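Structure first, commentary second.
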Amino acid sequence: HRTACGKTLTQHSYWVAALTPTYAHCGQRLTIWARGKRYHVRVQDRGAYRLDGTTLDAAPGLRAHIGFYGTINVTIQRGWV
């Protein structure tokens, strides 16, 4: 269960996987806004790149923290704002 960035995926993992080359740098800091709240996360996995517009895949711990288990729209900005 190792990621492309060398991390281990667990139920408590709190990071995102970049599914587009735009955010594909391991360790890159991102601020995402979801459901009216701001979250600071790091990219700890990358690929497989998707053509359907999907940008990020949230790890289980982040999904639980935000409170979603399907697909939601988020706003993404590089760096921590």
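What follows is calculated from the coordinates using simple rules that are stated; it is not laboratory data. Quantities reported herein were computed from a predicted structural model and do not represent experimental measurements. Virtual Cβ from ideal backbone geometry, glycine too; neighbours counted across all protein chains shown.
Label sites at Val81 and Arg29, each approximated as a point 7 angstrom past Cα along Cα to Cβ, lie 1.4 nm apart.
Quick check for you: which residues of region 62-78 have the amide N under 20 Å from the point 7 Å beyond the Cα of Thr20 toward its beta carbon? Backbone N within reach: 63, 70-78. Note on region 18-81: percent of Cα-Cα distances in each 10 Å bin, starting at 0 and stopping at the bin with the largest distance, equals 21, 59, 19.
Were the residues from Arg50 through Ala64 laid out at 0.36 nm apart, the gain over their Cα-Cα distance would be 2.7 nm.
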